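The values are calculated or read from the model by the stated rules, or taken from the named source; none is laboratory data. What you see is a predicted model; the values in this text were computed from it and never measured. Neighbour counts are summed over all protein chains in view; Cβ atoms, including those assigned to glycine, are modelled from backbone coordinates with ideal geometry. Side chains included, ligands, DNA and RNA excluded: accessible areas come from the protein's heavy atoms. Shrake-Rupley method; radii C 1.70, N 1.55, O 1.52, S 1.80 Å.
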Amino acid sequence: MSYQYQKRLDDAYVMHTYGRLPVEFVRGEGMELFDDTGRAYRDFLAGIGVCSLGHNHPAVTRALTEQATKLTSVSNYFYTEHRGEVAALLSKLANDDLDGARALVAALDAADEGAFDTAASPKPGEQVWKTFFANSGAEANEGAMKLARLFARRQGNGGNTIVCLKGGFHGRTLETIAATMQDWLQESFTPLPGGFIACEPNDVAELRAIFDRYGSEICAVMFEPIQGESGVHPLTPEFLRAADELVRGVGGLTISDEVQAGVFRCGAPFAVQLAGVTPDIMSLAKGIAGGMTMGAVVARAEVADVFRPGDHGSTFGGSALAVAAAEAVLAELVRGDYAAHAASVGAYLASRLEELPQVTEVRGAGLMRGCDLVEEAGDAHDVVARLMAEGVIANATGARTLRFLPPLICERGDVDVLIAALQRVLG
């Protein structure tokens, strides 16, 4: 059906919670999207970081096709294939153990259960991580916050306050909006759940003052290692280490929101690892299943084990179809050494953006990049519209900020296409 037809139906019957751009995409292949007229667009948004292997990747398509012919969902009352395999892979990746993850993928490729069990078995002193499967980043963050408060109640300091950072973004449910310290997102939905304290990102002095005041009332510090929705603003390693030290000093936990920055996007399995910090809990979504609906709470086993049957749940979380896609995505990311690839191509993207005279600052890591424009460039949303007219998909997070979240298959040639388009639209 045509764009005009879809727009007419959308306008009439769909809630107007999005300001859609005037295009209808009907097909994708790798780095490219195709509209209803057959025109191709180079995709530097990837469904907001979702399509980590690009569009219609053969490994993901094959996994989905095979699984859909067998089983889609039976609920979490029963065991299904792939769920445990994905959780074991996440445990290795949470330890930044790429060799261990490669051994698991090799066993999966060989369909060798014995080899998989051997590779999955923890070495002496190895941290084991356990996973709860959800459907979205917001659900993953809700689960992470519930787990932190439950741990404090059953095994920790008894606190229930979570320190969150201004400019962060954790989701659109009431609880995750309460944790998202941005007034424009909160003011229309008050009263919001309590138990949250705001801190300025990268302000160690303010963070110390908060801990001096609240102490063991704090059960967790929750942060995005790189704040995406505010314009791609990284937290400093010094701030992350201070947060880790302070919260452990009062018996609390750290929660790293890896929904946007995680799953190899920033040059490591998880972005917090770039700072040399190991959190207690991580929330995942977006790129984990290559476009399928999937979220996950990953926690150190000793934290995760405070959950008992009935404490948390999800009807659709970890469905047979979703975990089949996640296994295919994670295996391909490990097999293809995409951490190094994202770091290399991301550095090239940053250097090319810095060459543009209309760009004042470039931020981020790997293939999660933001750049600020001079005032003379005009509103960044208009720049995005002009880029689309040039056949390039990007995103604006504010009047002066562009954001780029391409698929992790992005190559330097794709970056050159983006830069050429930016040069044309910025003059």
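Quick notes on this one:
- For Ala396, the conditions (1) in a strand (DSSP E or B); (2) under 20 Å from Leu235 (Cα atoms); (3) open to solvent by less than 40 Å² (accessible area, probe 1.4 Å) are fulfilled apart from (2).
- Complete set of residues in the stretch 329-366 that are closer than 21 Å to Ala275 by Cα and in contact with a Cys (Cβ under 6 Å, 6 or more places away or on another chain): Val345, Val362, Ala365, Gly366
- So Val323, is it in a helix (DSSP H, G or I), modelled with pLDDT of 95 or more and under 20 Å from Met31 (Cα atoms): no
- No other residue among Ala111, Ala119, Ala106, Ala152 is modelled with pLDDT of 95 or more, of a type in the set (Gly, Ala, Ser) and more than 27 Å from the chain's Cα centre (by Cα) apart from Ala111.
- All positions within the stretch 213-238 that are crowded, with 21+ Cβ neighbours inside 10 Å and part of a helix (DSSP H, G or I): none
- Candidates Ala342, Ala324 - the one that is open to solvent by less than 20 Å² (accessible area, probe 1.4 Å) and over 17 Å from Gly262 (Cβ atoms): Ala324
- Selection count, the stretch 111-170, where residues are crowded, with 22+ Cβ neighbours inside 10 Å and acidic (Asp, Glu): 2
- The stretch 341-367: number of residues that are closer than 16 Å to Cys410 by Cα and part of a loop (DSSP other than H, G, I, E, B): 2
- Filter result for Arg102 (of a type in the set (D, E, K, R) and either free of Cβ contacts under 8 Å to residues at least 40 places away in the same chain or farther than 22 Å from Gly336 by Cβ (or both)): no
- The listed residue being within 26 Å of Arg20 (Cα to Cα), touching a helix residue (DSSP H, G or I) at 6+ places or on another chain (Cβ under 7 Å) and surrounded by fewer than 19 Cβ atoms within 10 Å (Cβ to Cβ), out of Arg335, Arg369, Arg386: Arg386
- Which listed residue, of Asp36, Asp11, is touching a Phe, Trp or Tyr at 6+ places or on another chain (Cβ under 7 Å), open to solvent by 50 Å² or more (accessible area, probe 1.4 Å) and not polar (S, T, N, Q): Asp36
- When residues in the stretch 270-295 are screened for being among the hydrophobic types (A, V, I, L, M, F, W, C), over 19 Å from Leu64 (Cα atoms) and buried (at least 24 other Cβ atoms within 10 Å of the Cβ), 6 of them pass.
- Arg308 meets each of the listed conditions (1) open to solvent by 40 Å² or more (accessible area, probe 1.4 Å); (2) closer than 30 Å to Gln423 by Cα apart from (2).
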